[in-house]
Amino acid sequence: MTLEPLPDRPDGVRLLCAHGELDVVVAPALLPDVPALVEAARGVVLDLSEVTFFDSSGVRLVDRMARECGRTQAQFRVVAPPGSASRRVLELVGLAADLARDDLPEAIRSVQPRR
């Protein structure tokens, strides 16, 4: 699994793209990096579209990012397409309604700073 931060957009939105399995082997190692991953962003989007396996460790990572964004007052959303493993798990734990969006453009619009 990789978690690739893309260059910040001019509007201050940071895109993080995950690929592969987001599970107990991978997610715990990413937790210490969360503050640096969201630092100074005005909005953060974690794209889980290419995640092939997503378990409770992935939920923990999403929750940690949401809490860190809350601490820094950055908006946070997750791209989890309908029917994907990540969307099903986020729905089961009650995070999908607030955080999950169907696609990247929708997620970006939902975190862009209001003028």
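The values are calculated or read from the model by the stated rules, or taken from the named source; none is laboratory data. Since this is a predicted model, take the numbers as computed values, not measurements. Glycine also receives a Cβ, built like all others from the backbone with ideal geometry; neighbour counts cover every protein chain displayed. These area figures cover heavy atoms from the full protein model, side chains too; ligands, DNA and RNA do not enter into them. Shrake-Rupley method; radii C 1.70, N 1.55, O 1.52, S 1.80 Å.
Observations on the model:
- The numbered conditions (1) in contact (Cβ under 8 Å) with a residue 60 or more places away in the chain; (2) hydrophobic (A, V, I, L, M, F, W, C); (3) open to solvent by 30 Å² or more (accessible area, probe 1.4 Å) are all true for residue 45 except (3).
- Qualifying residues in region 35-47 (those that are among the hydrophobic types (A, V, I, L, M, F, W, C) and assigned to a strand (DSSP E or B)) - the one farthest from residue 109 (Cα to Cα): 46
- When residues in region 1-34 are screened for being part of a strand (DSSP E or B), touching a residue at least 24 places away in the same chain (Cβ under 8 Å) and closer than 23 Å to residue 56 by Cβ, 8 of them pass.
- Matching residues in region 6-22 - criterion: being at pLDDT below 95, open to solvent by less than 70 Å² (accessible area, probe 1.4 Å) and touching a helix residue (DSSP H, G or I) at 6+ places or on another chain (Cβ under 8 Å): 22
- Qualifying residue in region 23-39 (condition: in contact with a Ser or Thr (Cβ under 6 Å, 6 or more places away or on another chain) and surrounded by fewer than 22 Cβ atoms within 10 Å (Cβ to Cβ)): yes
- The C-beta contact set for region 48-74 (first residue within 20 Å of residue 110 (Cα to Cα), second residue loosely packed, with under 15 Cβ neighbours inside 10 Å and charged (D, E, K, R), distance under 9 angstrom, 6+ apart or interchain) comprises 49/103; 66/98; 68/39; 72/39.
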